[in-house]
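Below is one structure, written out as structure tokens; the observations come after it.
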Amino acid sequence: MSKEKIEKLRNELEQHNYNYYVLSAPTISDMEFDAKLKELQSLEEAHPEFYDPASPTQRVGSDISDGFTQVAHVYPMLSLSNTYSEGEVTEFYERVRKALNEDFELVCELKYDGTSISLTYENGLLQRAITRGDGEKGDDVTANVKTIRSIPLRLRGQYPALFEIRGEILMPWAVFDELNREREAQEEQLFANPRNAASGTLKLQNPSIVASRKLDAYLYYILGEKLPSNTHSGNLNAAREWGFKVSGATKVCKTLNEVFDFINYWDVERKNLPVATDGIVIKVNSLNQQKNLGYTAKSPRWAIAYKFQAEKALTRLNTVSYQVGRTGAVTPVANLDPVQLSGTTVKRASLHNADIIESLDLHIGDMVFVEKGGEIIPKITAVDLSARVLIGDKVKFIRNCPECGAALVRIEGEAAHYCPNDNACPPQIKGKMEHFVSRKAMNIDGLGSETIALLFENKLLQNIADIYDLKVNDLARLERLGNKSAQNIKSSVEKSKEVPFERVIFALGIRFVGETVAKKLAFAFKNIEALEKATFDELVAVDEIGERIANSVQAYFADERHVEMLSRLKAYGLQMSVSEDKMKPAGNSLSGMSVVISGTFLYHSRDEYKTMIEQNGGKNVGSVSAKTSFILAGANMGPEKLKKAESLGVRLLNEEELLAMLKPEEIKESEVENRTEGETLSEGEEKKLKESEQNSTGFTGTLF
């Protein structure tokens, strides 16, 4: 039976998620887990009537284009008072001792450097996830939080019927490093630290991207009416049993010396943790004593945060060099005397742009302070002016490209300088080719950066179209290649002609057009000719396409050299339109209808629903009017659209109802196949099937 199989897979995957993400003790391989998850996804797609918001598949996420809904906190999310010295910790301890005038315990725990979240659970299921916001209200980011595998969607054991648990959403160092490497390769602005990266990720409008960034979470505080313990530490222990990831770096301290021992230990040991921390949180353990101590207007009197000092070092600035990326962005880099910082040897530090250099008033030979702290990228924070003797020239940002000599330009509103000579500047040419062949673009094996440089130097590659002119004999005669490598490269080049249109757009390297934007452009315009002719207004009408991206796309296609190169790529057989199987008509059940899509969806992305609507004869429209046939309404539907729909009497359909209209026969089979022999449909079920049958041949009457 499908239902039993679905439930069995859900239970297995929930246990494996818990083993892996909370206990860090997996019992099956990633491949086995992925196979089970894929099987469950297929079953749930075939049987939408068994939808469960707590299913492990709901962690994958789907597209959103509307803003987040603001939700008021039941309990205000206040900030903690910060301290930076042991003396201030002692003062806090004495204030608590005098106010209570009785014995008390303190709980010390790591202060994770991420973004705060409040989770509400009802009857063991995650109901809502809200950001801190202004402390009184925050953004509903439930769809994004569901993608974080260390946050349980369904609890284990015995738990209160309703409670709130708070914690920190984090991006592990390893994920952060990889994300910044990818952003650097795309010449996008790097995240300064994991905290900013986690916060930015949580506010993305596409949960599928959030899922890919592998966020983590630690939970540290429970609120509610019927908690299992009257102590903070007791409630944390209970939360572990319910399936929450609670830090093991937590200690109940009875004396001030124990608090300082904890601080001193973790000030060193935190550098070995997989996530960023920036201090220690100290809380009174007893909930009754917390209540007696109360709150100030901004923070609780029963808790305080001790912040670690950011690590910094003093070293000499020797030179400033300049790097040119594939989009022409010029990045200044400070070359320093080697210095130890946060366990690594630092020789270079990014200076980011001309404004940073000017604000620091840098001179060659200056003694400069280099800092990491919560930052993974070393940066110069200040100059030791007292050591400024016999210094060299003032550092001034260059005016010409260090690679090709072209005069640099600075676009209004941007901090970076660019080399405009994009078709003749060697690092830009090679960078574009490296991007084109990368795994997420055309995925051409054998053409790494060294091989591309070799082919460029030997005049075999001058732009990305030349890749499809490469000959095996020409490749085989080059140093470090040979006939076998040449054959493999040529085979991979030929195979890349099968790469879908949306990845071809991404591979072109249009400035500001990443993977997600490329996909949106592909599905919006369907082929390269339509994209090339798209007006500014048509471009900005596409979800998540703003003025900057629209201008960049138009500028790309206005360049005759790009048009010529695209003509060559098309002649070589690259996919220059959305594939036929994604475009072919699937039916006429929505013939003549105008449909508005709004909200977050579970089974398909917004772009996929738009394609399905068009394939079934419908028309996608962006705004609600009296002519709107219905709104496909998901979670977090835009409040203005909802208000207008109510005023005009426009019907709202959920996903299941739309899918029933599009595929009534499949719905009928899935609803019937799980019944025992002789079992009959209920009156409501019978009515739903009849309406589905009517809608399969055209819209008549009401939608539900």
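When the strands (runs of 3 or more DSSP E) confined to region 343-420 are screened for residues that are within 20 Å of Asp177 (Cα to Cα), those reaching at least 3 such residues are found at 344-350. Collect the residues in region 233-257 that are closer than 20 Å to Glu94 by Cα and either touching a residue at least 24 places away in the same chain (Cβ under 8 Å) or not in a helix (DSSP H, G or I) (or both), keeping them in residue-number order. Of everything in region 233-257, those that are closer than 20 Å to Glu94 by Cα and either touching a residue at least 24 places away in the same chain (Cβ under 8 Å) or not in a helix (DSSP H, G or I) (or both) turn out to be Lys251, Val252, Cys253, Lys254, Thr255, Leu256. The residues of region 499-537 that are buried (at least 17 other Cβ atoms within 10 Å of the Cβ) and of a type in the set (Ser, Thr, Tyr) amount to a single one, Thr516. Being part of a helix (DSSP H, G or I), more than 24 Å from the chain's Cα centre (by Cα), of a type outside the set (Ser, Thr, Tyr) and modelled with pLDDT of 85 or more holds for only one residue in Glu49, Glu7, Glu45, and it is Glu7. Might you check whether a residue that is closer than 30 Å to Glu547 by Cα, assigned to a helix (DSSP H, G or I), in contact (Cβ under 8 Å) with a residue 40 or more places away in the chain and out of contact with any Pro (no Cβ under 9 Å at 6 or more places or on another chain) occurs anywhere in region 481-490? Checked against the condition, which is being closer than 30 Å to Glu547 by Cα, assigned to a helix (DSSP H, G or I), in contact (Cβ under 8 Å) with a residue 40 or more places away in the chain and out of contact with any Pro (no Cβ under 9 Å at 6 or more places or on another chain), region 481-490 yields no hits at all. With respect to (1) crowded, with 16+ Cβ neighbours inside 10 Å; (2) of a type outside the set (A, V, I, L, M); (3) assigned by TED's automatic domain parsing to the domain that holds His352, the lone exception for Lys430 is condition (3). Checked against the criterion of being touching a residue at least 60 places away in the same chain (Cβ under 8 Å), of a type in the set (D, E, K, R) and exposed (fewer than 13 other Cβ atoms within 10 Å of the Cβ), region 570-582 contains not a single residue that satisfies it.
For region 608-704, the helices (runs of 4 or more DSSP H) that sit wholly inside it and include 2 or more residues that are modelled with pLDDT of 50 or more are 639-648, 655-662. Remark: Arg480 matches the filter, which requires a residue to be farther than 15 Å from Val578 by Cβ and not aliphatic (A, V, I, L, M).
Only one entry of Val499, Val504, Val513 meets the criterion of being touching a Phe, Trp or Tyr at 6+ places or on another chain (Cβ under 7 Å) and either at positive phi or among the β-branched types (Val, Ile, Thr) (or both), and that entry is Val513.
Just for helices (runs of 4 or more DSSP H) wholly inside region 491-544: which have at least 2 residues that are at pLDDT below 90?
Details: elements: 501-507, 515-525, 528-533, 536-540.
Answer list for region 491-544: 515-525.
For region 456-468, name all the residues that are assigned to a helix (DSSP H, G or I) and either touching a helix residue (DSSP H, G or I) at 6+ places or on another chain (Cβ under 8 Å) or at pLDDT 95 or above (or both). Matches in region 456-468: Phe456, Ile464, Ala465, Asp466, Ile467, Tyr468. Number of residues in region 66-101 that are of a type in the set (A, V, I, L, M) and part of a strand (DSSP E or B): the value is 2. Within region 376-386, can one find any residue that is of a type in the set (S, T, N, Q) and closer than 23 Å to Thr319 by Cβ? Yes - at least one qualifying residue is present in region 376-386.
Conditions (1) among the β-branched types (Val, Ile, Thr); (2) within 20 Å of Ala310 (Cα to Cα); (3) without any contact (Cβ under 8 Å) to a residue 60 or more places away in the chain, marked per residue:
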residue: Pro338; (1), (2), (3): no, yes, yes
residue: Ala349; (1), (2), (3): no, yes, yes
residue: Asp361; (1), (2), (3): no, no, yes
residue: Ala382; (1), (2), (3): no, yes, yes
residue: Ile391; (1), (2), (3): yes, no, yes
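This table checks each residue for (1) outside the structural domain of Ser577 (by TED's automatic domain parsing); (2) over 34 Å from the mean Cα position of the chain (by Cα); (3) closer than 26 Å to Leu455 by Cβ; (4) among the aromatic types (Phe, Trp, Tyr).
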| site | (1), (2), (3), (4) |
| --- | --- |
| Leu470 | yes, yes, yes, no |
| Ala476 | yes, yes, yes, no |
| Gly482 | yes, yes, yes, no |
| Ile489 | yes, no, yes, no |
| Ser492 | yes, no, yes, no |
| Leu508 | no, no, yes, no |
| Leu521 | no, no, no, no |
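When only residues in region 422-455 that are assigned to a helix (DSSP H, G or I) and among the polar types (S, T, N, Q) count, which is farthest from Ala507 (Cα to Cα)? Top of the filtered list is Thr451. Total residues in region 230-270 satisfying the condition of being surrounded by 14 or more Cβ atoms within 10 Å (Cβ to Cβ), more than 35 Å from the chain's Cα centre (by Cα) and within 25 Å of Ile165 (Cα to Cα): the figure is 4.
Name the single residue, out of those in region 469-480 being part of a helix (DSSP H, G or I) and either touching a residue at least 40 places away in the same chain (Cβ under 8 Å) or touching a Ser or Thr at 6+ places or on another chain (Cβ under 9 Å) (or both), that is farthest from Ala522 (Cα to Cα).
Taking the candidates together, the pick is Ala476.
I need the full set of residues from region 491-514 which are in contact (Cβ under 8 Å) with a residue 60 or more places away in the chain and of a type in the set (Val, Ile, Thr), in order please. Correct list: Val499, Val504. If you go through region 294-339 and keep only what is in a loop (DSSP other than H, G, I, E, B), farther than 26 Å from Pro420 by Cβ, among the small types (Gly, Ala, Ser) and in contact with a strand residue (DSSP E or B) (Cβ under 7 Å, 6 or more places away or on another chain), you end up with just Ala310. Going by the structure shown, is Ile398 touching a Gly at 6+ places or on another chain (Cβ under 6 Å) and either within 30 Å of Met171 (Cα to Cα) or not assigned by TED's automatic domain parsing to the domain that holds Pro274 (or both)? Taking the combined requirement at face value, the residue does not satisfy it.
The values are calculated or read from the model by the stated rules, or taken from the named source; none is laboratory data. In this text, all values refer to a predicted model and were calculated from it rather than measured experimentally. Cβ coordinates were reconstructed from backbone atoms using ideal geometry, including for glycine residues, and neighbour counts include every protein chain displayed.
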